[in-house]
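Here, each number is a calculation from the coordinates, and none is a lab measurement. Since the structure is predicted, the reported quantities are computational estimates derived from the model, not experimental observations. Every residue, glycine as well, gets a Cβ built from its backbone with ideal geometry; the counts of neighbours run over all protein chains shown.
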Amino acid sequence: MPSEAQLVRDFGASRITVGRAVRDLQLAGLVERRAGSGTFVRGTREPTALSFGLLIPDLGETEIFEPICRGMMASPLAQAHALLWGSATATGASKEEEAWRLCRQYIDRKVAGVFFAPLEFASARDDVNARIVQALDEAGIPVVLLDRPATPFPRRDGHDLVGLDNRHAGFVVTEHLLGLGARRIAFAAVAHAAATVDARESGYREALRSRGLEAEPSLVRRLDPDDDDAVVALLAQGRPDALVCANDRTAARVMRTLHRLGRSVPGDLRLTGIDDADYAAFLPTPLTTLRQPTRQIGTAALAAMLDRVAGADLPTRDILLHGELVVRRSCGSPAR
């Protein structure tokens, strides 16, 4: 670059202004000053291509993970990098065994980071999840958690988490039913579900309290949605006029059971889900639900991973995004 004296003459600026401008360029990494030689423009470098592993045992079973992965790949931040899906499992391997095998595979390949969606329904899920994150930590591989924590509340495992604000989601769908006049609102989920379900239940309870109501024990159930007796018991003991299901899959199964029992949705029971899975609009009664911003979750997860790779001393973060209420006929309100 020209000397500062030459820049003063060329641009008619003061020496102080030119000196500050050159320092700003230096702080931005655009120029470097060499003692006795002058100021030089730094050459541009292509970003280093990195490979990241996707460790998602529920991929293909839980509807949100494939669009989250598509959101990662569609992000402009992904252009210089690669996402590894892992190879096919051996016949007969359990989900826990497959997750551990993929973990070891990514460690052996020395990937730059792993996106991990912890196991949900497995009986030994807490032990397996803890084993996986410990192995990745010991290998020095950054981990970004998708959708759910790897350890039970209130413990925190020190890894960034990106997903839906589940507490807010439970609040929004319950508040919608309250606004339609429902007062005996039940909450249903399957047993041994992820911590995200507990957060959704918490939002459901807060929405009731905001209207001076409380969730009666008979209205909050962990049940098999395909079990006629379990659904009949909920209807008989809780006498609900509306039902918040922890996710769309549970809502779809409850709806099928209600139809089998001769009950109508929303005539006998208003019904909502959470997630807005692809099939939610095509159920016998289209489902009111809260849409997960899956594409944005994927983009945010990749950004969090790149931040973690660039600055390992960052504080642990929960990056929680809000969803959008999608109103269809199952709640008894005109679709919009």
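Apart from one condition, Gly212 fits all of (1) surrounded by fewer than 21 Cβ atoms within 10 Å (Cβ to Cβ); (2) in contact (Cβ under 8 Å) with a residue 40 or more places away in the chain; (3) not aliphatic (A, V, I, L, M); the exception is (2). Which one of the conditions (1) within 30 Å of Val190 (Cα to Cα); (2) in contact with a Lys or Arg (Cβ under 9 Å, 6 or more places away or on another chain) does Gly113 fail to meet, given that it meets all the rest? Going through (1) within 30 Å of Val190 (Cα to Cα); (2) in contact with a Lys or Arg (Cβ under 9 Å, 6 or more places away or on another chain) one by one, Gly113 breaks only (1). Of everything in region 273-332 that's surrounded by fewer than 16 Cβ atoms within 10 Å (Cβ to Cβ) and of a type in the set (Ser, Thr, Tyr), which residue is farthest from Thr196 (Cα to Cα)? Top of the filtered list is Tyr279.
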